[in-house]
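Engineer: I am attaching a structure below and will ask some questions about it afterwards.
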Amino acid sequence: MAGPRVIIVGAGPAGVRAAERLAQAELRPLIVDEAPAAGGQIYRRQPTNFRREAKELYGFEAGKAQTLHGTFEALKPAIEHRSETLAWNVFDGKLHLASPTGHEAVPFDALILATGATDRIMPVPGWTKPGVTSLGGAQIALKAQACAVGAKPVFLGTGPLLYLVAYQYAKAGVRPAALLDTSPFFNRLTALPKLAARPDMLAKGLYYSAWLSVRRIPVLTGITPVAIEGERRVTGTRFRDRRGRERSFDCDAVGLGYGLRSETQLADLARCRFTFDPLARQWLPATDQDGRTSVPNVYIAGDGARIAGADAAELAGRLAACAALTDLGHRVPPAEFEALRAPLTRMASFREGLEQAFPWPAHLATAYPDEALVCRCEAVTAGELRRSAQELGALEVNRAKAFSRVGMGRCQGRYCGLAGAEILAAALGVTLTEVGRLRGQAPVKPLALTAEAGP
């Protein structure tokens, strides 16, 4: 096969479906992924020497996971796959890669970013103690290594993943001490009309909640986190219930998360335009309905553009591939575009329902104590961040970053950026849009000191 060079970053649901569609057009795409095997975070594969059944790993989604894995295996002769490879920069029409075998800058005619998402974190005093992990990290421990983050964990935050992870731990024989949700239960009732756009997903969510309730696992909604306690390790979690009473649960681990945030660093480095999404309170890459960005021949598919889940990511991946093929001069039937767009429109309504039911708790940032850490990489406290605004004149997040080093560490603001922006906006008395967003910097993740820069 010969033709334009198309590179896909990410081998999750969006990336695999994009590669499938490109291969059907007789192109040979390069698909790059940090993991050793395709599947993404949601359909992460277990180590090759593990023998757990798909149903045990993926629950209700086992059939979808197996189908996606099977599709990728069948695609291997028609694609180029580079596993355990980090895409760390986009510059001058080239994607910069780092792998165990070295570094390379690969030119492309089209680039599809299917970079997925990571946990959205609102810090709580004590969140850097040993024993605290993100919800995604707690889930990966089960999927990838068949181990738990603790024997009696508390799961704290909001969003569907909170209930899914608690359910998965309980099913695996690890009884959670409690599930603590910052969102009031009433929110879910008001969001029902939009959540009903995907009755299958709504039914699964109701099932997880009912399953936990029947087993008398404490589920409290409308709570306010106070602190994660312990000296050398987590020993408990304090919070205020919906009536304002301070309570606590003993635990040996905490899984923390408030939904997901899109992985957008490569889109930023590619110079894509961003717009503010008031629903999610995040800056996201601007795309058209088919995944085209403001930069010619750069496309975004799946959760890297909007958090909508694995089913939507599969459709969006194929749609972005169709857009790329069209722009490269291939004919794609209009009916194919319409068949992919229609279900994505319905799924967008469901996404709005989720954000309404499980909102990002921006108000917690306003009350976050001055002495508590916001940026764990650089040990920046909320007080330091507020002082950068009120005493040093930092009127936007990148100036605050220069003064305080917030977002300058290993995670490049993935975990502290959203909360840091909320704290800064509150300190200045301005809207979140006015403080802007942290600009991406290469490399998007740390590189080994022995690495040699590509051409």
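Engineer: Would you call PRO343 more than 16 Å from GLY116 (Cβ to Cβ) and not in a helix (DSSP H, G or I)? Outline the logic, then answer.
Structural biologist: Working: more than 16 Å from GLY116 (Cβ to Cβ): yes; not in a helix (DSSP H, G or I): no.
Taking the combined requirement at face value, the residue does not satisfy it.
Engineer: Any residue that is at pLDDT below 90 and either among the basic types (Lys, Arg) or touching a Ser or Thr at 6+ places or on another chain (Cβ under 8 Å) (or both) - is there at least one of those in region 54-77? Explain how you work it out, then say what you get.
Structural biologist: To start, the set of residues in region 54-77 that are at pLDDT below 90 comprises 54-59.
Narrowing the set further to residues that are either among the basic types (Lys, Arg) or touching a Ser or Thr at 6+ places or on another chain (Cβ under 8 Å) (or both) leaves 55.
Yes, there is a match, as at least one residue in region 54-77 is at pLDDT below 90 and either among the basic types (Lys, Arg) or touching a Ser or Thr at 6+ places or on another chain (Cβ under 8 Å) (or both).
Engineer: Checking the condition out of contact with any Leu (no Cβ under 7 Å at 6 or more places or on another chain) and either more than 18 Å from TYR415 (Cα to Cα) or not assigned by TED's automatic domain parsing to the domain that holds ALA110 (or both), which residue from ALA312, ALA382 passes? Give the steps one after another, and end with the answer.
Structural biologist: Details: ALA312 fails: out of contact with any Leu (no Cβ under 7 Å at 6 or more places or on another chain).
Unique residue meeting the criteria: ALA382.
Engineer: Does ALA65 meet the test of being closer than 30 Å to ARG28 by Cα, out of contact with any Phe, Trp or Tyr (no Cβ under 9 Å at 6 or more places or on another chain) and in the same structural domain as GLU26 (by TED's automatic domain parsing)? If you could, list the steps in order and put the result at the bottom.
Structural biologist: Details: closer than 30 Å to ARG28 by Cα: yes; out of contact with any Phe, Trp or Tyr (no Cβ under 9 Å at 6 or more places or on another chain): no; in the same structural domain as GLU26 (by TED's automatic domain parsing): yes.
So ALA65 does not fit the description; no.
Engineer: Quick one: which residue in ARG439, ARG386, ARG410, ARG376 is surrounded by 16 or more Cβ atoms within 10 Å (Cβ to Cβ), at pLDDT below 95 and charged (D, E, K, R)? First the steps, then the outcome.
Structural biologist: Working: ARG439 fails: surrounded by 16 or more Cβ atoms within 10 Å (Cβ to Cβ); ARG386 fails: at pLDDT below 95; ARG410 fails: surrounded by 16 or more Cβ atoms within 10 Å (Cβ to Cβ).
Testing whether each residue is surrounded by 16 or more Cβ atoms within 10 Å (Cβ to Cβ), at pLDDT below 95 and charged (D, E, K, R) leaves just ARG376.
Engineer: How many residues are farther than 14 Å from ALA138 by Cβ and over 25 Å from the mean Cα position of the chain (by Cα) if we restrict to region 176-189?
Structural biologist: Total meeting the criteria: 2.
Engineer: In addition: Regarding ALA170, is this residue within 17 Å of PHE249 (Cβ to Cβ) and either in contact (Cβ under 8 Å) with a residue 60 or more places away in the chain or in contact with a strand residue (DSSP E or B) (Cβ under 6 Å, 6 or more places away or on another chain) (or both)? Don't jump to the end; show me each part of the working.
Structural biologist: Values: within 17 Å of PHE249 (Cβ to Cβ): yes; either in contact (Cβ under 8 Å) with a residue 60 or more places away in the chain or in contact with a strand residue (DSSP E or B) (Cβ under 6 Å, 6 or more places away or on another chain) (or both): no.
Criteria not met by ALA170.
Engineer: Something else now. So, of the residues in region 34-57 that are without any contact (Cβ under 8 Å) to a residue 40 or more places away in the chain and over 19 Å from GLY15 (Cα atoms), which turns out to be surrounded by the fewest Cβ atoms within 10 Å (Cβ to Cβ)?
Structural biologist: Top of the filtered list is ASN49.
Engineer: Restricted to region 305-340, and to residues that are hydrophobic (A, V, I, L, M, F, W, C), part of a loop (DSSP other than H, G, I, E, B) and touching a Ser or Thr at 6+ places or on another chain (Cβ under 9 Å), which residue is farthest from THR293 (Cα to Cα)?
Structural biologist: Going residue by residue through region 305-340, those that are hydrophobic (A, V, I, L, M, F, W, C) are 305, 307-308, 310, 312-313, 315-316, 319-325, 328, 332, 335, 337, 339-340.
Narrowing further to those that are part of a loop (DSSP other than H, G, I, E, B): 305, 307-308, 328, 332.
After this cut, where a residue has to be touching a Ser or Thr at 6+ places or on another chain (Cβ under 9 Å) as well, the list is 305, 307, 332.
Values: ALA305: 10, ILE307: 17, VAL332: 19 Å.
My answer is VAL332.
Engineer: Among the residues of region 415-436, count how many are assigned to a loop (DSSP other than H, G, I, E, B) and either surrounded by fewer than 23 Cβ atoms within 10 Å (Cβ to Cβ) or in contact with a helix residue (DSSP H, G or I) (Cβ under 7 Å, 6 or more places away or on another chain) (or both). Explain how you work it out, then say what you get.
Structural biologist: The initial filter retains those residues of region 415-436 that are assigned to a loop (DSSP other than H, G, I, E, B), namely 415-416, 429-431, 436.
Those left that are additionally either surrounded by fewer than 23 Cβ atoms within 10 Å (Cβ to Cβ) or in contact with a helix residue (DSSP H, G or I) (Cβ under 7 Å, 6 or more places away or on another chain) (or both): 429-431, 436.
Matching residues across region 415-436 total 4.
Engineer: Applying the selection to region 74-90, what residues are without any contact (Cβ under 8 Å) to a residue 12 or more places away in the chain and within 24 Å of VAL106 (Cα to Cα)?
Structural biologist: Narrowing region 74-90 to residues without any contact (Cβ under 8 Å) to a residue 12 or more places away in the chain: 74, 76-77.
Across region 74-90, the qualifying residues are LYS76, PRO77.
Engineer: When you scan region 225-238, do you find a residue that is modelled with pLDDT of 95 or more, farther than 18 Å from GLU352 by Cα, buried (at least 18 other Cβ atoms within 10 Å of the Cβ) and touching a helix residue (DSSP H, G or I) at 6+ places or on another chain (Cβ under 9 Å), even just one?
Structural biologist: Yes, that holds for at least one residue.
Engineer: Exactly one condition in (1) in contact (Cβ under 8 Å) with a residue 40 or more places away in the chain; (2) crowded, with 16+ Cβ neighbours inside 10 Å; (3) more than 21 Å from THR345 (Cα to Cα); (4) touching a strand residue (DSSP E or B) at 6+ places or on another chain (Cβ under 6 Å) is not met by CYS272; state its number.
Structural biologist: Unmet for CYS272, out of (1) in contact (Cβ under 8 Å) with a residue 40 or more places away in the chain; (2) crowded, with 16+ Cβ neighbours inside 10 Å; (3) more than 21 Å from THR345 (Cα to Cα); (4) touching a strand residue (DSSP E or B) at 6+ places or on another chain (Cβ under 6 Å): (1).
Engineer: Now, a different point. So is LEU392 more than 24 Å from the chain's Cα centre (by Cα), surrounded by fewer than 17 Cβ atoms within 10 Å (Cβ to Cβ) and not acidic (Asp, Glu) or not? So that I can check it myself, show each step before the final result.
Structural biologist: Numbers: more than 24 Å from the chain's Cα centre (by Cα): yes; surrounded by fewer than 17 Cβ atoms within 10 Å (Cβ to Cβ): yes; not acidic (Asp, Glu): yes.
So LEU392 fits the description; yes.
Engineer: If a residue must be of a type in the set (Asp, Glu) and either closer than 18 Å to LEU164 by Cβ or part of a helix (DSSP H, G or I) (or both), how many such residues does region 48-67 contain?
Structural biologist: To start, the set of residues in region 48-67 that are of a type in the set (Asp, Glu) comprises 53, 56, 61.
The next check asks that each one be either closer than 18 Å to LEU164 by Cβ or part of a helix (DSSP H, G or I) (or both); those that pass are 56, 61.
Residues meeting the conditions: 2.
Engineer: Then there's this: Select from region 59-86 the residues that are within 23 Å of the chain's Cα centre (by Cα) and β-branched (Val, Ile, Thr) and write down the one among them that is farthest from LEU97 (Cα to Cα).
Structural biologist: Step one: of region 59-86, the residues within 23 Å of the chain's Cα centre (by Cα) are 59-69, 72, 81-86.
The next check asks that each one be β-branched (Val, Ile, Thr); those that pass are 67, 85.
Working: THR67: 29, THR85: 7 Å.
Taking the candidates together, the pick is THR67.
Engineer: Something else: Tell me which residues, restricted to region 58-68, are closer than 21 Å to GLY205 by Cβ and surrounded by 15 or more Cβ atoms within 10 Å (Cβ to Cβ). Step through it out loud before you land on a result.
Structural biologist: Within region 58-68, the subset closer than 21 Å to GLY205 by Cβ is 58-65.
TYR58, GLY59, GLU61, ALA62, LYS64, ALA65 - these are the residues of region 58-68 that are closer than 21 Å to GLY205 by Cβ and surrounded by 15 or more Cβ atoms within 10 Å (Cβ to Cβ).
Engineer: I've got another one for you. Among the listed residues ARG28, ARG17, ARG45, which satisfies the condition of being touching a Gly at 6+ places or on another chain (Cβ under 7 Å) and either over 24 Å from GLY304 (Cβ atoms) or assigned to a loop (DSSP other than H, G, I, E, B) (or both)? Walk me through how you get there before you give the answer.
Structural biologist: Details: ARG28 fails: touching a Gly at 6+ places or on another chain (Cβ under 7 Å); ARG17 fails: either over 24 Å from GLY304 (Cβ atoms) or assigned to a loop (DSSP other than H, G, I, E, B) (or both).
Within the list ARG28, ARG17, ARG45, the selection yields ARG45.
Engineer: While we're looking at this one, here's another question. With the requirement that a residue be surrounded by fewer than 22 Cβ atoms within 10 Å (Cβ to Cβ) and assigned to a strand (DSSP E or B), what does region 98-128 give you?
Structural biologist: Result: SER99, GLY102, HIS103, GLU104, ALA105, VAL106, PRO107, THR118.
Engineer: Pull up region 201-232, narrow it to residues that are touching a residue at least 60 places away in the same chain (Cβ under 8 Å) and among the charged types (D, E, K, R), then point me to the one that is farthest from GLY131 (Cα to Cα).
Structural biologist: LYS204
Engineer: Can you name the helices (runs of 4 or more DSSP H) wholly within region 129-230 that have at least 3 residues being small (Gly, Ala, Ser)? Step through it out loud before you land on a result.
Structural biologist: Details: elements: 135-145, 160-171, 185-195, 199-214.
So the answer is 135-145, 199-214.
The values are calculated or read from the model by the stated rules, or taken from the named source; none is laboratory data. Everything numeric in this text was worked out from a predicted model, so none of it was measured. Virtual Cβ from ideal backbone geometry, glycine too; neighbours counted across all protein chains shown.
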